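Notes follow the structure.
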Amino acid sequence: MPHCIIEFSNDLNTHIKETVKMVTVDIENSGLFDKRTIKTRAISIDNYLVGGTEDSFIHVTVKMLEGRSGVQKKELSQRILSSVMKLYDIENISVEIMDLHTYSYSKKEILK
């Protein structure tokens, strides 16, 4: 945990591998998670409108199990936003931190 999903307009493919790495490092450096549990992926969006036009965008969603403070979530959000803004000179960049509820989240456990 966490799951990080980077959605981006298909015209921004050039820096996306670097973006995935940078966002992953930001999450690692937050000190909130075990590095081995971070899952980051990027999804190119082919059909989109922003304000009624095909403006470039990036939206990063970080889904994590509940229990972190509002301050921790805000700091993580700002850290990721700052990094993404360094890579892209576009107006539509956003970051969202979401709680996953422990009572409804399931995953395969690896037996050791």
Please give the number of the condition T37 fails out of (1) loosely packed, with under 13 Cβ neighbours inside 10 Å; (2) at pLDDT 95 or above; (3) polar (S, T, N, Q). (2)
Does V23 satisfy the condition of being in a helix (DSSP H, G or I), farther than 28 Å from K107 by Cα and at pLDDT 95 or above? no
For segment 60-90, give me each residue that is among the small types (G, A, S), without any contact (Cβ under 8 Å) to a residue 40 or more places away in the chain and not in a loop (DSSP other than H, G, I, E, B). G70, S77, S82
Tell me which of these M1 doesn't satisfy, since it passes every other one: (1) at pLDDT 95 or above; (2) under 16 Å from the mean Cα position of the chain (by Cα); (3) part of a loop (DSSP other than H, G, I, E, B). (1)
Among the residues that make up segment 91-104, is at least one of them part of a helix (DSSP H, G or I) and out of contact with any helix residue (DSSP H, G or I) (no Cβ under 7 Å at 6 or more places or on another chain)? no
Quick check, is T53 at negative phi and loosely packed, with under 11 Cβ neighbours inside 10 Å? yes
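The values are calculated or read from the model by the stated rules, or taken from the named source; none is laboratory data. Remember, it's a predicted structure, so these values are computed and weren't measured experimentally. Glycine also receives a Cβ, built like all others from the backbone with ideal geometry; neighbour counts cover every protein chain displayed.
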